[in-house]
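Read through the structure below, which is laid out as structure tokens, and then see the notes.
The values are calculated or read from the model by the stated rules, or taken from the named source; none is laboratory data. None of the values given here were measured: they were computed from a predicted structure. Here the Cβ positions follow ideal geometry from the backbone for every residue, glycine too, while neighbour counts run over all protein chains shown.
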Amino acid sequence: MSDVLQHREVLLGVAGGIAAYKTAELCSRLVQRGARVTVIMTDSAKEFIGAATFEALTGRPVYNDQFQAKEHYQGEHIGLARRAEVAIVAPATARTLARIALGLSDDLLSTTLLVCTCPIIVAPAMNCDMWAKPAVQRHVTQLRDDGMHLVGPEEGWLSCGQTGFGRMSEPGEILKKIELVLADSAEMS
Ligand SMILES: Cc1cc2nc3c(=O)[nH]c(=O)nc-3n(C[C@H](O)[C@H](O)[C@H](O)COP(=O)(O)O)c2cc1C
């Protein structure tokens, strides 16, 4: 049986949280399974992990700037969204969650997600008190209502030293979610 990830175009959005280091493993595992991965990093994500890591893992440029096209001169957000068969945001910070829920398009990642017609999976990661805030939960509810797929967060050790809900799901769990979503979308088409 062929691997559901083989030759699939995956858009991987990385926002600015500590868990971005785990996203490098997710990216590597996607590539090892035969997926073609394009990474968009937010400005804050670049404070946590280098673009060179994702460029080396994917063999593709890392995209960040809406106005400095690397590939699609009619709009990077348009070209990247059209190519994607599934989009995943990991880690999804509180700010990026809010942008997506509100339909904001003030950076390349949020603008591209607004153009995407493929399934979108969001893997939140944040401090447990942030996660519990009504504003964040409102955005999560909005994302679900809008048909987006959530994976995690899990309960456990958080980098700030607290224990609670907010830990990003492990790469293996996110990978399973991507497989499920891709398999479902293949069944529906
Ligand atoms: C050390 C450190 C760790 C952070 N970890 C997180 C996090 O896990 N989740 C989160 O929502 N924000 C976290 N932040 C705050 C975000 O980096 C900040 O809100 C940023 O504006 C997010 O922007 P982005 O969503 O465009 O990447 C952290 C900030 C610092 C300094």
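Within region 95-108, the only residue that satisfies the criterion of being within 8 Å of the ligand (Cβ to nearest atom) and surrounded by fewer than 20 Cβ atoms within 10 Å (Cβ to Cβ) is Arg95. Among the residues of region 138-163, the ones that are modelled with pLDDT under 95 and either within 12 Å of the ligand (Cβ to nearest atom) or of a type in the set (Gly, Ala, Ser) (or both) come to 6 in all.
In the condition set (1) touching a residue at least 40 places away in the same chain (Cβ under 8 Å); (2) over 17 Å from Ser44 (Cα atoms); (3) within 15 Å of the ligand (Cβ to nearest atom), Pro91 is compliant with all but (2). If the condition is being out of contact with any Lys or Arg (no Cβ under 9 Å at 6 or more places or on another chain) and closer than 16 Å to Lys22 by Cβ, then region 48-69 contributes Phe48, Ile49, Gly50, Thr53, Leu57. In region 50-63, the count of residues that are at negative phi, exposed (fewer than 15 other Cβ atoms within 10 Å of the Cβ) and near the ligand (Cβ under 10 Å from one of its atoms) is zero.
Criterion first (within 16 Å of the ligand (Cβ to nearest atom), among the aliphatic types (A, V, I, L, M) and out of contact with any helix residue (DSSP H, G or I) (no Cβ under 6 Å at 6 or more places or on another chain)) does Leu30 satisfy it?
Details: within 16 Å of the ligand (Cβ to nearest atom): no; among the aliphatic types (A, V, I, L, M): yes; out of contact with any helix residue (DSSP H, G or I) (no Cβ under 6 Å at 6 or more places or on another chain): yes.
So Leu30 fails the test.
Apart from one condition, Thr111 fits all of (1) away from the ligand (no atom under 13 Å from the Cβ); (2) surrounded by 15 or more Cβ atoms within 10 Å (Cβ to Cβ); the exception is (1).
Scanning region 139-161 for residues being under 18 Å from the mean Cα position of the chain (by Cα), surrounded by 12 or more Cβ atoms within 10 Å (Cβ to Cβ) and not polar (S, T, N, Q) gives a total of 11. Restricting region 117-138 to residues that are part of a helix (DSSP H, G or I) and out of contact with any helix residue (DSSP H, G or I) (no Cβ under 6 Å at 6 or more places or on another chain) leaves a set whose member that is surrounded by the most Cβ atoms within 10 Å (Cβ to Cβ) is Trp131. I'd like to check something: does region 140-149 contain any residue that is free of Cβ contacts under 8 Å to residues at least 40 places away in the same chain and of a type in the set (Gly, Ala, Ser)? For region 140-149, residues free of Cβ contacts under 8 Å to residues at least 40 places away in the same chain and of a type in the set (Gly, Ala, Ser): present.
Restricted to region 1-27, and to residues there that are without any contact (Cβ under 8 Å) to a residue 60 or more places away in the chain and within 16 Å of the ligand (Cβ to nearest atom), the residue that is nearest to Leu113 (Cα to Cα) is Ala24.
Of Ala81, Ala135, which residue is closer than 15 Å to Glu9 by Cα, at pLDDT 95 or above and among the small types (Gly, Ala, Ser)?
Numbers: Ala135 fails: closer than 15 Å to Glu9 by Cα.
So the residue among Ala81, Ala135 that is closer than 15 Å to Glu9 by Cα, at pLDDT 95 or above and among the small types (Gly, Ala, Ser) is Ala81.
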